[in-house]
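Asker: Dropping the structure in here first, questions after.
Every number in this text was worked out from the coordinates using simple rules, so none of it is lab data. In this text, all values refer to a predicted model and were calculated from it rather than measured experimentally. Reconstructed Cβ throughout: ideal geometry from the backbone, glycine too, with neighbour counts over all protein chains shown.
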Amino acid sequence: MENLPKFDWTSLMPIAVNLLSGFGIFILGWILSGWAYRTIMSRLGNERGLQVSATIRPLIATSVKYAILLGALYAGLTQAGVAASSLLAVFGAAGLAIALAVQGTLSNIAAGIMLIFLRSMKVGEFIETPNISGTVLEIGLFTTHIRRGDGVFVTVPNAQIWSSQITNYSRFDERRIDIDIAIARDNDLAAAIAVLEATIADHPLVVDPDLTNVTILNTTPHTVILQTRCWVARTSFRADSSTLRLVLHEALRSQGFKLPKTFPINEV
């Protein structure tokens, strides 16, 4: 036993120092990436900083965050004694394997970039797809956050949105409403149309009176359905729709027209 060579524990000190240093570099990078994400999100939306759209801010912040993390991982492993050439080879092989394994995730990233730069929708806009409708809260690298009309928070993969039809109700400042009103067939149709045209053209909620029109939409054995089209401000669309519908009904009633049945508004 006395002839056995003694292990020189001091030889492990440089290795331990390198390992601890590498780990410390990664932890520092982790902290720095979180700080960078928060700073970018706040500064790019700050009135004193750069004015960047709320739609693109998460993409920039997330990209910077992961870039710092990858840089910290590379620096930490290099400091720990891993050869740079070997590390790059491992990263390349791992990147290829990950790319093949997460093709769906990569498609979400590509879809998120397309949604942001083609501006099919922006943060704060109300959109509708075949699967969901609501207000866009955030367009991230992988998913889009949406607040439904009933207040429910929903996360949707970007690829699912990008591959479907997107109806954007908030892109333009004005929206058209169609108001259908049924009157009895024995009424004077020309007079009824004239009353509706005069009423809607003079109403302050209508933003462009020249674009208003009243037409005969349909007829039944006992009624004629008149459709009034007009344009109102998008921000008060629903309230204006209800108000104008009541105004048109009252205008016809006040002139003695018979209204056997009312019909809901068609939103366009």
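Asker: If R₀ is 30 angstrom, what is the calculated FRET efficiency for the pair Val17 and Thr39, using the beta carbon separation as r and rounding to 0.05?
Answerer: Efficiency, from the Cβ-Cβ distance: 0.40.
Asker: Next question, about the same structure. Which distance in nm do the two modelled labels at Ile31 and Thr220 give, with both placed 7 Å along the Cα-to-Cβ direction?
Answerer: A separation of 7.3 nm, rounded to one decimal place.
Asker: So if we plug the beta-carbon distance of Leu246 and Leu70 into 1/(1 + (r/R0)^6) with R0 = 51 Å, what FRET efficiency do we get, rounded to 0.05? It would help to have the intermediate numbers written out before the result.
Answerer: Working: r = 61 Å, r/R0 = 1.19.
Result of the calculation: an efficiency of 0.25.
Asker: Moving on to the next point. Sort 155-161, 35-41 for me by packing, meaning the mean count of neighbouring Cβ atoms within 10 Å per residue, highest on top.
Answerer: 155-161, 35-41
Asker: Would you please put 146-152, 132-138 in order of how densely packed they are, using the mean number of other Cβ atoms within 10 angstrom per residue and starting with the highest?
Answerer: For the peptides 146-152, 132-138, the packing ranking is 132-138, 146-152.
Asker: Here's a follow-up. About its Cα centre, what dipole magnitude does segment 174-267 give when the only charges are +1 on Lys and Arg Cβ and -1 on Asp and Glu Cβ, stated in debye to the nearest 20?
Answerer: 320
Asker: Right, something else. Please give the length that would be gained between Leu118 and Arg185 if that part of the chain were fully extended, namely 0.36 nm times their separation in residues minus their C-alpha to C-alpha distance (nm, one decimal).
Answerer: 19.1 nm
Asker: So how strong a dipole does segment 118-168 carry about its Cα centre when Lys and Arg Cβ are +1 and Asp and Glu Cβ are -1, to the nearest 20 debye?
Answerer: So the magnitude is around 80 debye.
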